[in-house]
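The next block holds one structure in the form of structure tokens; read it before the comments.
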Amino acid sequence: MRTLDFKPKMISALKKYDRQTFMADVMAGIIVGIVALPLAIAFAIASGVSPEKGIITAIVAGFTISALGGSRVQIGGPTGAFIVIVAGIIGQYGLTGLTIATMMAGVFLIGFGLLRLGTIIKYIPYPIIVGFTSGIAVTIFTTQVKDLLGMQIDGPVPGDFIERWGVYFQNLTHIDAWSAAIGVASVAIIATTPKLSKRVPGSLVAIIVMTIVALLLKEYANVTTIETIGDRFSIKSQVPRMVLPSLAWEEIKELVAPAMTIAVLGAIESLLSATVADGVIGDHHNSNTELIGQGVANIVSPVFGGIPATGAIARTMTNINNGGRSPIAGIIHAVVLLLIFLFLMPLAQYIPMACLAGVLVVVSYGMSGWRSFRALLRNPKSDVTVLVATFLLTIIFDLTVAIEVGLICACLLFMKRMSETTDVKAIYNEIDLNEDADMEAGNLEHLTIPKDVEVYEINGPYFFGAGNRFEDLMARYGGKPRVRIIRMRKVPFIDSTGLHNLQNMCMMSQREGITIVLSGVNKKVEAVLSRNGFYELLGRENICNHIDLALARAKELTA
């Protein structure tokens, strides 16, 4: 029985912890906390919830992920990838539905970790990851155009991608010049700040500068058209109470698909972030522990009013670049956000919505991965098909459909490729010694194929597709011999489909009076054949270890 694979990095990190590491973690935690503040607010508002819910998520989930996760430097919190999912769940099921779906996703993530699926999840095809990440980026950008340009639109903006852009084009004359200027200036500040200082977060600089500009314009230029967070939301800085939602079975069944989408996306993003971090710091994260930590975070966060959380690549890299080397840095980042939430949160009401939109536009550009997207377009058509299908499904429908269809397409293409790796060929007259590895020295006179004997060779796994090609080959080139030798020296394994096809082929041959002799069967495959009655079906003497023995048996049968 396997032991539970739950070993938080916090435990091992504290064994050799010293004052120097602590001071580095404190500095990194403070900087990451400052960087996370504008992003948490922006992600929350874009998702359709109040600003404080984003900060609460960063505090609660960030603390939990650092304390229980399997990575030394992972920083958790709300991310842009969840914006589309959260907004869709709220629109269809409300805030209560989001709370239940997030907690269910947490349970799924813990299940992934307990079942040791951490390594398997990392094998999700790269085109799917790039496709839905790019699709999310385009969707996020689309949702921010209204606030970025200060568009005055009557009524709600449609959720559908195509309809939303139709409304935008119809209202191009209703753009507020002051809001658009603040939005564009915010993007410019965020883009240029790293050139001046890589330690100072551009998003924070943009928010501070643009908030001051908006206040000055309102006070001295009588500009009242710039919408702020306070115009749209009521800001609260009090610590929320723990609230457990009432669970109804019908509602749980409806939320299984959205919850699974949150869990899968959260698992992918957190493990990718942890893998990237490993490459930078030279460490190895524990995938299953990380998933369990992420699961606990997503159960606890919504209890306090939070939204889904996962590992954030940008904040994790900020942590590393500023000296963070243990989970203590992530905990300090959560403490910094808590202090800001308690004492400075009311100031967030003065932040212009156009500035937050600018922050998210830059985030969406970073998420788009357009270089990776462009590079994948030069790959085989099957990869391009999965990439484009996932991308279009993400922006036109939703992420749940995109992931489901993308995974199905990837699985089908994988099955097709794997089936093509198995080659079946017929051998005529004699066997080439240079290609053989299962010959016994001194028995080379048996290499001539006797009359009324056919020899076929299977090169590769004997599973779905291989059996059908074998039957097609025999139908095209085979006659009606007395003995049919099947060389299986290069068959590493056989699955149930291949086993079924081989069994049918042997039975059909026997009805035609043809004896089947198997050659070069390895021990693993032979054990499978034995368990499934092939010794009784063919006779033990007709399952040979070497081709020379198989040819000798064929000569004996045709004598």
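Before moving on, here are some points about what is shown:
- Selection from G54, A24, L14, by position along the positive dipole direction of the stretch 1-58 (Cβ): L14
- Think of the chain as having a plus end and a minus end, set by charges on the Cβ of Lys, Arg, Asp and Glu; of I128, A274, I140, A274 sits farthest toward the positive end of this dipole.
- Each label was represented as a point 7 Å from its Cα along the Cα-to-Cβ direction; for N321 and R199 these points are 1.3 nm apart.
- Per-residue 3J(HN,Hα) values for the stretch 77-84, derived from phi via the Karplus relation 6.51 cos²θ - 1.76 cosθ + 1.60 with θ = phi - 60°, read x, x, 9, x, 4, 8, 4, 5 Hz in sequence order (x marks Gly and Pro).
- Applying 1/(1 + (r/R0)^6) with r as the Cβ-Cβ distance of T192 and D231 and R0 = 41 angstrom yields a FRET efficiency of 0.90.
- Averaged per residue, the chain has 47 square angstrom of accessible surface, using a 1.4 angstrom probe with ligands and nucleic acids left out.
- Working note: Cα atoms of the stretch 355-396, range along each principal axis, descending, whole Å: 41, 22, 7.
- Close amide H partners of I449, meaning residues 5 or more places away or on another chain with modelled amide H under 5 Å apart, are E430, I431.
- Note, ³J(HN,Hα) from phi for the stretch 11-28, Karplus 6.51, -1.76, 1.60, rounded to Hz, x at Gly and Pro: 5, 6, 5, 7, 5, 10, 7, 9, 5, 5, 5, 4, 5, 5, 5, 4, 5, 5
- Between the beta carbons of D160 and K524, assuming R0 = 60 Å, the FRET efficiency works out to 0.70 to the nearest 0.05.
- Rounded to 5, percent antiparallel among DSSP beta bridges of the chain: 40
- Anisotropy class of the stretch 114-177 from Cα gyration tensor, a/c 1.5 cut: prolate
- Computed over the chain, the ratio Rg/Rh where both radii use C-alpha atoms and Rh is Kirkwood: 1.14
- Residue (of I45, M103, G80) at the positive-pole extreme of the stretch 22-160, dipole from beta-carbon charges: M103
- Rolling a 1.4 Å probe over the protein heavy atoms of the chain, with every protein chain left in place, gives an accessible area that is 62 percent carbon and sulfur.
- Dipole moment magnitude, nearest 20 debye, the stretch 1-54 about Cα centre, only Lys, Arg, Asp, Glu C-beta charged: 320
- Efficiency of FRET between F493 and T96 - r from beta-carbon atoms, R0 41 angstrom, step 0.05: 0.25
- Violating pairs (Cα-Cα greater than 32 angstrom) within the set K425/K555; K480/K523; K195/K381: K195/K381
- Close amide H partners of T310, meaning residues 5 or more places away or on another chain with modelled amide H under 5 Å apart, are G77, T79.
- Each peptide in 81-91, 145-155, 17-27 gets a packing score, the mean of other Cβ atoms within 10 Å over its residues, and the list from highest to lowest is 81-91, 145-155, 17-27.
- Its Cα centre serving as origin, the chain has a Cβ charge dipole (Lys and Arg +1, Asp and Glu -1) of approximately 1080 debye.
The values are calculated or read from the model by the stated rules, or taken from the named source; none is laboratory data. This structure is a prediction, so every number in the text was calculated from the model and none was measured. So basically every Cβ, Gly included, is an ideal-geometry build from the backbone, and we count neighbours across all protein chains shown. Just so you know, the surface numbers come from the protein's heavy atoms only, side chains and all, with ligands and any DNA or RNA stripped out. Shrake-Rupley method; radii C 1.70, N 1.55, O 1.52, S 1.80 Å.
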